[in-house]
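Accompanying notes for the structure given below.
Any read-out appearing in this document is the output of simple, stated calculations on the displayed coordinates, not a laboratory observation. Computed from a predicted model, the values in this text were never measured in an experiment. Positions of Cβ are backbone-derived with ideal geometry, glycine not excepted, and every protein chain shown enters the neighbour counts.
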Amino acid sequence: MQKKILVAIKRVIDFNVKVRVKTDGSGVETTHVKMSMNPFDEIALEEAVRLKEAGHASEIIAVSAGSEICQETLRTALALGADRAILIKTDTELQPLGVAKLLKAIVTQENPFLVFLGKQAIDDDCNQTGQILAGLLDWPQGTFASQIMLAENENKIIVVREVDGGLETVLLNLPAVITADLRLNQPRYASLPNIMKARQKQIEIITPDIDITPRLVTLKTEPPPARKSGIRVNSAAELVDKLTHEAKVI
Ligand code: AMP
């Protein structure tokens, strides 16, 4: 029996780039900016690859929604261990509900037993897509996962979740939606032979007829206020004096 895992992959501005707000405040500059796979999606993909390597899955499908250029990011996913990739091609501005609807269509078509996503995309910080997808599918969800254990004979999965001030362990029925947190694993680097092999792998491009009209309007985007520069003091006594009488923090 085919045991597929679907992994959602978003192309975002690379986490090392200093993001610049467009002069008209309509968003952030993405032209001539280094783009990469969302770091949490790399972790999600790594977990899927480990499950396959441990014999729990037979195929990993990477899925990305966006413009044609997202194929580059899908190629990286193929080099990191995905078996094939699907690009849901659209030039419409994507918001979590729209992405979740598109992913649901692929889930219905592919029938995976697990869908992995990142816990959040580092560009919009929405932290919504996995939760909405689980809702649309009426599947259980294990969000902010820092550890997972399959109990396959029971058709269940144990998910350790990072919650405020500790860890929560939940038992979910499969199929399920899992969103990856930072500590789930340490993703591998793509090896040169795997980068070469990825060139031969298939990327299917589809354009489903699904209403993904944005529901939210961005009114404006502003950079954070500039930090004031620090001052140099000559002695510990002067520092204590300033903290006591000027900053009034002690
Ligand atoms: P968000 O809800 O926007 O913070 O995104 C959470 C996760 O949803 C991301 O880490 C991705 O796994 C997935 N996701 C969001 N947008 C896309 C997209 N355009 N294509 C594929 N996956 C996406």
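Dividing the mean sequence gap of close Cα pairs (under 8 Å, 6+ apart) by how many residues segment 1-108 holds gives a relative contact order of 29 percent. If R0 equals 22 Å, the separation of the Cβ atoms of residue 128 and residue 26 corresponds to a calculated FRET efficiency of about 0.50. With contacts taken as Cα pairs under 8 Å at a separation of at least 6 residues, the chain carries a relative contact order of 23 percent.
Treating r as the C-beta distance of residue 222 and residue 199 and R0 as 45 Å, the FRET efficiency rounds to 0.60.
What list do you get for 18, 201 if you sort them by fewest beta carbons within 10 Å? Let's see the in-between values first.
Details: 18 6, 201 16.
Ordered by Cβ neighbours within 10 Å, fewest first: 18, 201.
Taking 30 Å as the limit for the C-alpha separation, the pairs 22/197; 18/242; 3/34; 119/201; 4/220 exceed it in the case of 22/197; 18/242; 3/34; 4/220. For the pair residue 231 and residue 192 in one chain, pulling the backbone fully straight at 0.36 nm per residue adds 9.2 nm over the alpha carbon distance.
Ellipticity at 222 nm from helices only: DSSP H runs of n ≥ 4 in the chain, each -39500 (n - 2.57), divided by the residue count, give -8000 deg cm²/dmol.
For segment 4-219, rounded, prolate or oblate, judged on the Cα gyration tensor with a ≥ b ≥ c (square roots of eigenvalues), a/c < 1.5 rounded, else prolate if a/b > b/c?
On the way: a/c = 1.44, a/b = 1.27, b/c = 1.13.
It is rounded, given that a/c, with a ≥ b ≥ c, falls under 1.5.
Length gain on complete extension for the stretch residue 171 to residue 14, per 0.36 nm per residue less the alpha carbon to alpha carbon distance? Intermediate results must be reported in sequence, preceding the final value.
Details: separation 157, 0.36 × 157 = 56.52 nm, distance 3.42 nm.
Length gained, residue 171 through residue 14: 53.1 nm.
Write down the percent of antiparallel bridges among all DSSP beta bridges whose residues are both part of the chain, to the nearest 5. Write down the numbers at each step before the final one.
Values: 18 of 44 bridges.
If I count the DSSP bridges inside the chain, around 40 percent turn out antiparallel.
Kindly identify segment 136-185 as rounded, prolate or oblate by the Cα gyration tensor criterion: order the square roots of the eigenvalues as a ≥ b ≥ c, call it rounded if a/c is under 1.5, otherwise compare a/b with b/c, prolate if a/b is larger, else oblate. Here segment 136-185 falls in the prolate category. Cross-link reach is defined here as a Cα-Cα straight distance under 28 Å, omitting same-chain residues fewer than 8 places apart; for residue 248 the lysines meeting it are 228. Computed from the C-beta positions of residue 211 and residue 183 and an R0 of 51 Å, the FRET efficiency is 0.85 to the nearest 0.05. By the count of neighbouring beta-carbon atoms within 10 Å, fewest first, 68, 110, 29, 222 end up ordered 222, 68, 29, 110. Going by neighbour counts of Cβ atoms within 10 Å, the residues 70, 126 line up, fewest first, as 126, 70.
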